[in-house]
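The structure appears below as structure tokens.
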Amino acid sequence: MTSIDEPGEIPGYEVEALARVLADQAKDVQLLLRFLAENLSDAWPGAVEVKRSGMLGKGKVSSVDVHLGGDHFSIRIEHSRMQAVVAKVVGGIEISHSELEADEWIRRLAERLSGEAARSEAARAALFRLIS
């Protein structure tokens, strides 16, 4: 098993492992949303916004938004189907967005989270908790 010797070094298998974990959850959209809501909210506090359906917002997770710098990842259930979007935001203004298939959205999120982990010890620890 590869170890991380240098600050900022994240082996490629970490991205693949995180993408696999997320892809396993994506087989059931509600399971994926709940997994993201529970795990990313704890791992990246302040960067994750979770919305729930139902009375007083206590129902099922209906959307998860992850804000990492200028990259915003949104996934939601809309009209009984999953909508996954990646947007680029500069100065609070969305300059581009792309609706993606779940696999591509998961891959991009995994890469971005790994990038965060390469810059922050707390983010690195959070990433390891997600894939362990």
Q) Where in the range 89-128 are there GluC sites (Glu not before Pro) that are in a DSSP coil and have at most 16 other Cβ atoms within 10 angstrom of their Cβ? A) GLU101
Q) Most fluctuating residue of GLY70, GLY92, GLY57 in a GNM of the chain with Cα springs under 10 Å: which is it? A) GLY92
Q.
With the crude spin-label approximation of a point 7 Å out along Cα→Cβ, what separation in nm comes out for SER53 versus VAL90?
A. 3.7 nm
Q: Have a look at ALA118, ALA43, ALA19 and report the one farthest towards the positive end of the charge dipole of the chain, computed about the Cα centre with Cβ charges (Lys/Arg +1, Asp/Glu -1).
A: ALA43
Q) In a Debye calculation with equal point scatterers on the alpha-carbon sites of the range 55-108 and no solvent, what is log10 I(q)/I(0) at q = 0.13, 0.18 Å⁻¹? A) -0.36, -0.64
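Can you sort ILE131, ILE93, ILE106 by how many other beta carbons sit within 10 Å, fewest first? All intermediate terms of the calculation are to be shown ahead of the outcome.
Working: ILE131 16, ILE93 7, ILE106 24.
Listed from fewest to most nearby Cβ atoms, that is ILE93, ILE131, ILE106.
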(Q) At a threshold of 8 angstrom on Cα-Cα distance, excluding pairs fewer than six apart, so keeping six or more, what relative contact order does the chain reach in percent? (A) 23 percent
Q) Most mobile of VAL48, VAL66, VAL90 per a Gaussian network model of the chain (Cα springs, under 10 Å)? A) VAL90
(Q) Regarding the chain, what's the average projected area of the Cα-atom convex hull, expressed in nm²? (A) 8.6 nm²
Q: Return the distance in nm (one decimal) between the two label points of a simple spin-label model at ALA122 and ASP103, each offset 7 Å from Cα along Cα→Cβ.
A: 3.6 nm
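Does the range 37-85 come out rounded, prolate or oblate, given a ≥ b ≥ c as the square roots of the eigenvalues of its C-alpha gyration tensor, rounded meaning a/c under 1.5 and, failing that, prolate meaning a/b above b/c? The partial results should precede the final answer.
Numbers: a/c = 2.59, a/b = 1.30, b/c = 1.99.
Because a/c hits 1.5 or more and a/b fails to exceed b/c, the range 37-85 counts as oblate.
Span-like helices, the chain: DSSP H, alpha-carbon axial extent 18 Å or more, mean Kyte-Doolittle -0.5 or greater, which ones?
Details: long enough: 12-25 (20 Å, 0.09); 29-43 (20 Å, 0.69); 102-119 (26 Å, -0.82).
Helices meeting the criterion: 12-25, 29-43.
We did not get these values from a lab; they are worked out from the coordinates using the rules stated. Here the structure is a predicted model, which is why all the values come from computation and not from measurement. No Cβ is skipped: glycine too gets one built from the backbone with ideal geometry, and neighbour counts run over all protein chains shown.
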